[in-house]
Amino acid sequence: MGLNFIQQHTQLAERKAAAATLQRVLSKEHGADDLPLYVDGMDNAVSFAFGALPERLVIVRDGVV
């Protein structure tokens, strides 16, 4: 299945929909049903707090992103 290109989000609903797509792909392709997924607000406060610009914060668990 894989992820298709996702346009820059302009609303939180779009960002949540993209996260839901990612969660479905992770579940289907990697069996990651219990993987918590968090969505930053449109102000990108978490990204700014962790200095993750232009990258995003990711979690690595047992060597898997």
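Peptides 31-39, 18-26, ordered by how many other C-beta atoms sit within 10 Å of their residues on average, highest first, read 18-26, 31-39. Our estimate of slack between residue 17 and residue 33, defined as 0.36 nm per intervening residue step minus the Cα-Cα distance, is 4.1 nm.
Bear in mind these aren't lab numbers, they're just calculated from the coordinates by the rules spelled out. Keep in mind that this is a model prediction, so the values were computed, not measured. Cβ: placed from backbone, ideal geometry, glycine included. Neighbour counts: every protein chain shown.
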